[in-house]
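The values are calculated or read from the model by the stated rules, or taken from the named source; none is laboratory data. Small disclaimer: the values here were computed from a predicted structure and weren't measured. For neighbour counting, all protein chains shown are included, and Cβ atoms are generated from backbone atoms with ideal geometry for every residue, glycine included.
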Amino acid sequence: MVNPPNPAIDAAPAPASDALPAFLRACRGIAGGPEDRVPVWFMRQAGRSLPEYREIRGAGSILEAIAVPELSAEITLQPVRRYGVDAAILYSDIVVPAAAIGFGVDVAPGIGPVVERPFASAADLARLRPLEPDVDTAYVLETVRILARELTVPLIGFAGAPFTVASYLIEGRPSRTYTRTKALMHGDPTLWHALMERLAEMAIASLRSQILNGAAAIQLFDSWAGALAPPDYEHFVLPHSRRVFEAIADLDVPRIHFGVGTGELLGLMAAAGADVVGVDWRVPLDVARTRVPAGTALQGNLDPVLCLAPWEVTEAAVRDVLRRNAGHPGHIFNLGHGVMPETDPSVLERVVELVHREGRCDGSVAPEVAAS
């Protein structure tokens, strides 16, 4: 198979910084000209909040839709057309690799990932064979190739971080307490690390295959790492997330690390090797910047619920995020988590327009933002 050209890893000389898309410049913390603006995209920007998504999505599991490249590509493209965002994120799911190797994972509507036989003992390691992307997730790679041809903005590929995927496999479904996960982590550290090593290798294989087929950046979703105290994260999770980031470093694409409730972990998440750290709405953006090393870009961090409030409330909150960024070139505007299904798409259209109009990334802020 011949891979399509990927400007993020092509052997040709790197483009001048002002020729890079705004999203990629922000990931690298590269300041543009005086007219440059903060880029914006939304987690879960493709999905139930869009009527065009509901029209073509069809019934059945999301895994069935992901397995149809033309459909998955179209769903990925929909929010780019509607909102004018600066990046697209692949329409997929973090449990796709585990499902593809036959671990027995599905995504139940209204629930999330569910596992027929949860991971419970060393014998279950045999159920986690290595991922072979060209065979197991060939449909994902075809979707990436379609998008690499059709998109006019960078494509973000992604994978689930080892901890978050492990939590689904062990708990058997989404959890609020992660009791089984933490019990295994502390009760059998040897088995825990063996599981995390398997899941790290799975994430590496998936991410590398997406990059090599056209993804211009990647995001590692450690959505539920915020359930951990910093010492536990540092001992049980950080080495495996670092392994993922190190294994794709040679491909030289921006690497984003995201989790929810991770205010106390932001520095550790950056230490894993991320170029960009996602910030949820619980930590003000200017405070978050003090918790990560200099040179680390930030992504975030409007509370998704505020998109359901009256526009003047949403508008003020957007401006507050921009004000706290204070024109720093390393900022990608996003929500602090995903778009809520009941969000009115017209509100997100207005958010994009506002960020593009007033979000500066040259060390200064627009007068409207400074005054808000």
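At a glance:
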read-out	value
Cross-chain or 6+ apart pairs with Cβ under 9 Å, segment 112-141 first and over 21 Å from TYR91 (Cβ atoms), then surrounded by 17 or more Cβ atoms within 10 Å (Cβ to Cβ) and hydroxyl-bearing (Ser, Thr, Tyr)	VAL115/TYR168; PRO118/TYR168
Cβ-Cβ under 7 Å pairs, at least 6 apart or on other chains, segment 276-302 side at positive phi, far side in a strand (DSSP E or B)	GLY300/GLY278; GLY300/ASN334
Segment 136-166, subset out of contact with any strand residue (DSSP E or B) (no Cβ under 7 Å at 6 or more places or on another chain) and crowded, with 24+ Cβ neighbours inside 10 Å, residue farthest from GLY187 (Cα to Cα)	THR143
Criterion: within 30 Å of THR190 (Cα to Cα), surrounded by 18 or more Cβ atoms within 10 Å (Cβ to Cβ) and in contact with a Ser or Thr (Cβ under 7 Å, 6 or more places away or on another chain) - qualifying residue of PRO113, PRO69, PRO133	PRO133
All positions within segment 62-80 that are within 21 Å of the chain's Cα centre (by Cα) and not in a helix (DSSP H, G or I)	ALA67
Residue among GLU342, GLU312 that alone is loosely packed, with under 15 Cβ neighbours inside 10 Å, within 22 Å of LEU50 (Cβ to Cβ) and among the acidic types (Asp, Glu)	GLU342
Which numbered condition THR143 fails, given (1) among the polar types (S, T, N, Q); (2) over 28 Å from PRO230 (Cα atoms); (3) assigned to a loop (DSSP other than H, G, I, E, B)	(3)
Tally, over segment 64-114, of residues that are among the acidic types (Asp, Glu) and over 21 Å from ASP222 (Cα atoms)	4
Answer residue from segment 84-110, given it is modelled with pLDDT of 95 or more and of a type in the set (Asp, Glu) and is farthest from HIS186 (Cα to Cα) among those	ASP86
Selection status of HIS235, within 21 Å of HIS186 (Cα to Cα) and without any contact (Cβ under 8 Å) to a residue 12 or more places away in the chain	yes
Filtered residue count, segment 85-127, keeping only those that are small (Gly, Ala, Ser) and in a helix (DSSP H, G or I)	6
Filter pass, THR314 being in contact with a helix residue (DSSP H, G or I) (Cβ under 6 Å, 6 or more places away or on another chain), touching a residue at least 60 places away in the same chain (Cβ under 8 Å) and of a type in the set (Ser, Thr, Tyr)	no
Tabulated pairs, segment 42-54, first in a loop (DSSP other than H, G, I, E, B), second of a type in the set (Gly, Ala, Ser), C-beta under 7 angstrom, 6+ apart or interchain	MET43/GLY338; ARG44/GLY338
Residue list for segment 170-183, filter: crowded, with 23+ Cβ neighbours inside 10 Å and in contact with an Asp or Glu (Cβ under 8 Å, 6 or more places away or on another chain)	THR181
Test: PHE163 is touching a residue at least 60 places away in the same chain (Cβ under 8 Å), aromatic (Phe, Trp, Tyr) and part of a strand (DSSP E or B)	no
Qualifying position, being at pLDDT 95 or above, over 17 Å from PHE221 (Cβ atoms), under 20 Å from the mean Cα position of the chain (by Cα) and not small (Gly, Ala, Ser), among ARG180, ARG145, ARG149, ARG127	ARG145
Inter-residue pairs, beta-carbon under 9 Å, first under 12 Å from ALA159 (Cβ atoms) and in segment 214-228, second assigned to a strand (DSSP E or B) and polar (S, T, N, Q), 6+ apart	GLN219/GLN299
Test result for ARG54, under 19 Å from VAL153 (Cα atoms) and basic (Lys, Arg)	no
